[in-house]
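Have a look at the structure below before the remarks.
The values are calculated or read from the model by the stated rules, or taken from the named source; none is laboratory data. Quick caveat, the model's predicted, so the values are computed rather than measured. No Cβ is skipped: glycine too gets one built from the backbone with ideal geometry, and neighbour counts run over all protein chains shown. For the accessible areas, the whole protein counts, side chains as well, though only heavy atoms, and no ligand, DNA or RNA atoms are used. Shrake-Rupley method; radii C 1.70, N 1.55, O 1.52, S 1.80 Å.
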Amino acid sequence: MRVARLFRTILGFARAVIESVAIAVDGPIEVAAKPRDRRPRCGGCGRKGRRLHGVKGKARQWRHLGMWGRRVIITATVHRVLCGRCGVRTMAVPWARAGSVFTREFENEVAWMLQRTDQTAVARYFKISWRAVGRIAQRVVAESLDGSRLDGLKFIGVDEINYGRPQKFLTIVVDHVSGRTVWAAPGKSAETLGLFFAELGPERSRAIEIVTMDMSGAYTKAVHDHAPQAEIVYDRFHVVQLLNAAVDEVRREAMRMGGDDEKRSLKSARWPLLKNPWNLTLKERQKLSDLQRNNRRLYRAYLLKESFQQIYDALSVAHAEELFSEWYDWAQRSALKPFRKFAATIKSYWPAVRRFLEVRLTNAIVEGTNSKVRMISHRAFGFHSAAALISMIYLNCSNIVIPFVGW
Ligand SMILES: [Zn+2]
């Protein structure tokens, strides 16, 4: 069997001819290939075009999956193509996505790994730059994002995600039924969410029944404008986020008033105060009992926070109503300004807060997506573009199945 034929079999590139193979003693395996189609295809749209004559082709390289510890490089001469739709473009090659210096299989493997580990690890494993990994994610997502993900949406959640320094924002939309992130875009205003509804179109917008969100009000207008029939529900995740912010405000206030020792002690009290009690370590529990003795204001804030959560665990909506009414009075008497403010906010939005208990949407999807996205974005001080972060989110939160062959 000739080496070129052997490699054609091993590589299994469709619609490609392997012309020669060069194996250096210590270097990479270089495979010279060319597309089988006599008429070149357009790199923009994939249609057959006409080769631009009088212009010499350019030698180009693509990195393929390694073989027996060696790098495998595909080389080919690419030409300019005149396409009826796109004009003059670089020709497409069947083994790689347009504009990439990696083969399709290589990119698929990178994307598969990105769904399972972080970007830095993936970059190191494949020995490619962090940004190259990001661009691969964008290309794979552009190709594999399910176009029907916006169909049949009824119960959706809207959330804002912050990332980067200086801080920037994304708006993401999750489908409560499938658990997928179905949409993401830069920004956090009513206009941003308006773009989602524009993409959805009037018919699919009219089918939306419930939109869960936080109480900041930014997204309310967009829902009223584009899906007026939809009911706005304030979900538990965002209410608790606000509740935790109130606890933290009391803590920071105490830090400002206290001496150096107290400052240090209160600094490390942040997580014990915010964590769920069943997740506390022994040390954190001790921290809380210290607070109980030494800082009664802050401990009261902690108790208020914990007892508010019981409203969500009530067995009936009527009971929840009762609990909230008691809790509201307690918060108002507490002399803790952040809690009086929180209680007033919840009271004014109470119908939409209570509604969450009635519709019994699970909190897990919004919460899970939120923490997953936060993890992606926190690891990503290097995300310069919203587009790169958005493709990482789609890759990890919208059930994209990567055609990865594996071993
Ligand atoms: Zn084209």
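Some points to look at:
- Of the residues making up segment 97-106, not a single one is within 16 Å of the ligand (Cβ to nearest atom), within 30 Å of R374 (Cβ to Cβ) and in contact (Cβ under 8 Å) with a residue 60 or more places away in the chain.
- Count of residues meeting criterion [closer than 13 Å to R355 by Cα, open to solvent by less than 10 Å² (accessible area, probe 1.4 Å) and not hydrophobic (A, V, I, L, M, F, W, C)] in segment 204-240: 2
- Flag if R2 is open to solvent by 50 Å² or more (accessible area, probe 1.4 Å) and either within 16 Å of the ligand (Cβ to nearest atom) or in contact (Cβ under 8 Å) with a residue 60 or more places away in the chain (or both): no
- Qualifying residue in segment 20-42 (condition: without any contact (Cβ under 8 Å) to a residue 60 or more places away in the chain and within 33 Å of the chain's Cα centre (by Cα)): yes
- Residue match in segment 235-247 (condition: within 30 Å of A190 (Cα to Cα) and basic (K, R)): yes
- Residues satisfying the stated conditions in segment 33-63, i.e. part of a strand (DSSP E or B), within 24 Å of E143 (Cα to Cα) and within 16 Å of the ligand (Cβ to nearest atom): P35, R41, C42, K48
- Residue in segment 115-127 that is of a type in the set (S, T, Y) and closer than 29 Å to L361 by Cα present: no
- If the condition is being closer than 18 Å to H64 by Cβ and in contact (Cβ under 8 Å) with a residue 60 or more places away in the chain, then segment 129-147 contributes R135, V140.
- Criterion violated by T90 - all others in (1) over 16 Å from V31 (Cβ atoms); (2) away from the ligand (no atom under 16 Å from the Cβ); (3) of a type in the set (V, I, T); (4) modelled with pLDDT of 90 or more satisfied: (2)
- The lone exception for I376 - which of (1) under 30 Å from V110 (Cα atoms); (2) in a loop (DSSP other than H, G, I, E, B) it fails: (2)
- Residue that is farthest from the chain's Cα centre (by Cα), among those in segment 333-364 that are among the polar types (S, T, N, Q) and surrounded by fewer than 14 Cβ atoms within 10 Å (Cβ to Cβ): S348
- Matching residues in segment 193-237 - criterion: being without any contact (Cβ under 8 Å) to a residue 12 or more places away in the chain and either acidic (D, E) or in a strand (DSSP E or B) (or both): E203
- Test result for R85, within 16 Å of the ligand (Cβ to nearest atom), over 30 Å from D214 (Cα atoms) and open to solvent by 10 Å² or more (accessible area, probe 1.4 Å): yes
- Any hit, segment 111-122, residues being closer than 30 Å to G69 by Cβ and touching a strand residue (DSSP E or B) at 6+ places or on another chain (Cβ under 9 Å): no
- Among the residues making up segment 68-81, those that are touching a residue at least 24 places away in the same chain (Cβ under 8 Å), surrounded by 14 or more Cβ atoms within 10 Å (Cβ to Cβ) and more than 9 Å from the ligand (Cβ to nearest atom) are R71, V72, I73, I74, T75, A76, H79, R80.
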